[in-house]
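The values are calculated or read from the model by the stated rules, or taken from the named source; none is laboratory data. The model shown is predicted, which means the values in this text are computed figures rather than measured ones. Ideal geometry is used to build each Cβ from the backbone, glycine not excepted, and the neighbour counts take in all protein chains shown. Keep in mind that these areas ignore ligands, DNA and RNA; they rest on the heavy atoms of the full protein, side chains included. Shrake-Rupley method; radii C 1.70, N 1.55, O 1.52, S 1.80 Å.
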Amino acid sequence: MKTTCITILFWPLSMLLLSDDSQSSRTEVKYNFTEMNYSLIPVDINKNITILDLSYNQISLNVTDTRVLQTYFLLTELYLIENNIIMLYNNSFGNLSNLEILNICTNSIHIIQQGAFIGLNKLKQLHLCQNKIFQLNPDIFVPLKNLILLNLQGNLISYFDVPRMFHLELIILYGNPWNCSCSLLNLQKWLNTSNVTLENENITTCAYPDILKRYSITTVPYNAECYSKFSPPINEDLYNHSQSINNSTFNSSLNNLKNSEHTLLGKSWAFLLGVVVTVLMTSFLIFIAIKCPIWYNFLLSYNHHRLEEHEAETYEDGFTGNSSSLSQASHTNSEETTVIFEQLHSFVIDDDGFIEDKYIDTHELREEN
């Protein structure tokens, strides 16, 4: 009876242990496709695979490879060492929520998009060694909340901005051309004050400036000027304080920019107004120059004046145009000439009330007289 009771009590525990053993045996499904000259990730692999090694192939991790990887959602370890990967796109590992180890060393990666590691919530080890990474955006590490090991050895990184709330236990940074100017002060403080371990610290040295080449990045002596320029290591309160300072600086810069824009805007309006006035004045002068001769002729046609005596004689000579009349007029006396001139050029009403016609022939006029 006691034996039966003990069996009943421990039966659920035994079933639980058996289920754990079966689950552990199920999760240990490993496929090794190293040196198979694959250019794409194979699609005919068991979907229950947990460890996939595709090292030493020709895989580029393009869009097709990304789609295939989404189907292996049980993967816990993925090795893509020494392939042809040059870029990590957004959501390259989006469905691999169980992945704990990702090794992409010895490729030609030089660009990592900000959302490349989205979905890797359980990732613990990230190996990006021996690539051509020049700069890392700290935001790419935000989804990696459980990351404890980061391997950046042998890249082209000269500056590393430590992400917020970065809880690493081991970091590998040697083999990079570190610039030990003031910009590296925050990294040094984080390495010296956090619980992280810097592997191969003695050979993780400065590449420039020349006077600091023998110093480790954790022991570089910084002067007071560097401490005044850069904020303390990543810390929630200090981070918020630095953010407020940056915001105030940004706002002041923005105000200065707006003021300069208003000044430039005023000057531009003045210049535009000057151009418009110049164009209008030029057009007006051209208009006046074109229209003046017409107005002058128009006014001149009404500018009559009484002919002088010598002008009258000249006009009479030109008007008759008859040589015989000229000869006859030469034999007349001055009184007759005056009478004839007044009769020809008189436009006023005489005392008798008749208007004389200036076109009456002079011969007829003489005969009547």
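Summary of computed values
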quantity	calculated
Filter result (in a strand (DSSP E or B) and of a type outside the set (S, T, Y)) within the range 184-211	L198, E199, C206, A207
Residue selected from the range 139-158 under the condition loosely packed, with under 15 Cβ neighbours inside 10 Å and assigned to a loop (DSSP other than H, G, I, E, B), by the criterion modelled with the lowest pLDDT	K145
Any chance G175 is closer than 22 Å to R214 by Cβ and either part of a loop (DSSP other than H, G, I, E, B) or open to solvent by 10 Å² or more (accessible area, probe 1.4 Å) (or both)	yes
Close pairs from the range 143-165: first touching a residue at least 12 places away in the same chain (Cβ under 8 Å), partner of a type in the set (S, T, Y) and part of a strand (DSSP E or B), Cβ under 9 Å, at least 6 apart	S158/Y208
Contacts under 8 angstrom Cβ, first residue in the range 70-96 being more than 20 Å from S55 (Cβ to Cβ), partner surrounded by fewer than 21 Cβ atoms within 10 Å (Cβ to Cβ) and among the aromatic types (F, W, Y), 6 or more apart	N95/F73
Residue match in the range 168-180 (condition: among the polar types (S, T, N, Q) and more than 20 Å from F141 (Cα to Cα))	yes
Selection status of K122, in a loop (DSSP other than H, G, I, E, B), over 27 Å from the mean Cα position of the chain (by Cα) and basic (K, R)	yes
Candidates L136, L184 - the one that is under 30 Å from Y215 (Cα atoms), of a type outside the set (F, W, Y), surrounded by 20 or more Cβ atoms within 10 Å (Cβ to Cβ) and in contact (Cβ under 8 Å) with a residue 24 or more places away in the chain	L184
